[in-house]
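As structure tokens, the structure follows; a few thoughts come after it.
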Amino acid sequence: MVENIDEITVNYEEGGELVVEELDKVVLSRGSWTTILFKYREYDRRKEGMGPTKYTIRRYQKRNGVYRQQSKFNISSVKQAAQLHEALGGWIAEDAED
């Protein structure tokens with residue numbers, strides 16, 4: 001748990017070994033409810049190395065001075081991310097016409 005949005009990360013270690021590596025993040029909203037988009041990859045034990053790029057959107061709520069994760073949505077592949085991008089792009093273009 002952290003007190004500052006900029007300190008929030010998805011990096012995760014087990015036994016001193018990095019198993020989730022954050023590659024980048026974008027803070028989509030700030031405040032008592034915060035939304036962050038992360039780009040990351042996970043350690044693949046079979047390949048003994050980091051796996052493919054993945055993405056996750058996480059919501060945090062600040063309570064008692066610290067941010068706690070409340071929900072998450074994992075985008076499991078570049079293909080799924082591209083589909084999400086295409087759908088949002090289409091909707092945004094439609095809404096811009098109104």
request  = Considering every residue within the range 39-46, establish whether at least one is surrounded by fewer than 11 Cβ atoms within 10 Å (Cβ to Cβ), at pLDDT below 95 and on the phi > 0 side of the Ramachandran plot.
outcome  = no
Restricting attention to the range 12-38, the residues that are surrounded by 13 or more Cβ atoms within 10 Å (Cβ to Cβ) and either in contact with a His (Cβ under 7 Å, 6 or more places away or on another chain) or without any contact (Cβ under 8 Å) to a residue 12 or more places away in the chain (or both) number exactly 1
The one condition residue 82 fails out of (1) surrounded by 15 or more Cβ atoms within 10 Å (Cβ to Cβ); (2) over 18 Å from residue 22 (Cα atoms); (3) among the small types (Gly, Ala, Ser) is (1)
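Criterion first (at pLDDT 95 or above and of a type in the set (S, T, N, Q)) does residue 77 satisfy it? Give the steps one after another, and end with the answer.
On the way: at pLDDT 95 or above: no; of a type in the set (S, T, N, Q): yes.
No.
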* Asked: Just wondering, is there one or more residues in the range 9-25 that are touching a helix residue (DSSP H, G or I) at 6+ places or on another chain (Cβ under 7 Å) and under 18 Å from residue 73 (Cα atoms)?
  -> no
Contact list, first residue from the range 43-69 and touching a residue at least 40 places away in the same chain (Cβ under 8 Å), second anywhere and surrounded by 15 or more Cβ atoms within 10 Å (Cβ to Cβ) and assigned to a loop (DSSP other than H, G, I, E, B), beta-carbon distance below 7 Å, six or more apart or interchain, is 56/10; 60/8; 67/8
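The values are calculated or read from the model by the stated rules, or taken from the named source; none is laboratory data. Quick caveat, the model's predicted, so the values are computed rather than measured. Glycine gets a Cβ as well: all are built from the backbone with ideal geometry, and neighbour counts include every protein chain shown.
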